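What follows is a set of notes on a single structure, which appears directly below.
Every read-out reported here was derived from the displayed coordinates using simple, explicitly stated rules and does not represent laboratory data. Bear in mind the structure is a predicted one, so any value in this text is a computation, not a measurement.
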């Protein structure tokens, strides 16, 4: 079974290990019939998606579990949410097919929403500056990792919040691009250090036939989940 969950508010300060422990505890308290490994130290058959940095919230985190016996997906969502911290919430559950790919193999791209502000520039001026500077790179950023590899990030849109207090940057990155490195590169390109910022992961995607596909799409899980929506094709090729 593949489970999509969100983490918000205070939960964004939990480490990946803390998140896993809280979810495992919630599953046990909800009496979900988890399948366990064999041996002297059996543990639940669970696997999580890519690690999210501490301090980043998310609308779209995922983990897979194996069950000893079938359970209604709606009932699982309801009972587990009653046993999780308030800032961790299961949003969707789908059955996994026998030949479904693991999360580690499936996730190729991530999207983020960054809210930021500067004490020396108004939001309008910050938006104009960001548009002018990032146009010079065709809204494409290359991140150099510590091991010498290069990962790419597309600036999907630049806007402002309704109250005009923050610049809003929507980005699409390759899975191994660190979002804090992306933010630092944006600051470098526009020549402004943000005094305040917050980051939220909005979705994770697989790629199939040149299209971004949800991790709960039936083509990915191989079960009966049905399509969960796709991105436009011109959003897929990060180099374009």
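Listed values, structure above:
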| read-out | value |
| --- | --- |
| Convex hull projection area averaged over all views, the stretch 1-116, Cα basis, nm² | 8.0 |
| Kirkwood Rh in Å, taken over all unlike Cα pairs in the chain | 19.3 |
| With Cα atoms, 0 to 90° folded angle of helix 16-29 axis to the chain main axis | 30 |
| In degrees, nearest ten, helix 123-135 long axis to first principal axis of the chain (Cα) | 90 |
| Mean-position separation - Cα centroids, the stretch 73-142 and the stretch 1-32, in angstrom | 17 |
| Angle in degrees between helix 179-190 and the longest Cα principal axis of the chain, rounded to the nearest 10 | 10 |
| Average projected area [Cα convex hull, the stretch 167-212], square nanometres | 4.0 |
| D (Stokes-Einstein, µm²/s), Kirkwood Cα radius, the stretch 69-131, 1.567 mPa s at 4 °C | 78 |
| Among 28, 89, 68: highest mean-square fluctuation, GNM of the chain, C-alpha pairs under 10 Å | 68 |
| Cα-based radius of gyration of the stretch 101-240 once divided by 2.2 N^0.38 Å, which approximates compact folds | 1.13 |
| For the chain, built as a Gaussian network whose Cα springs stay under 10 Å, the top-fluctuating residue of 171, 90, 65 | 65 |
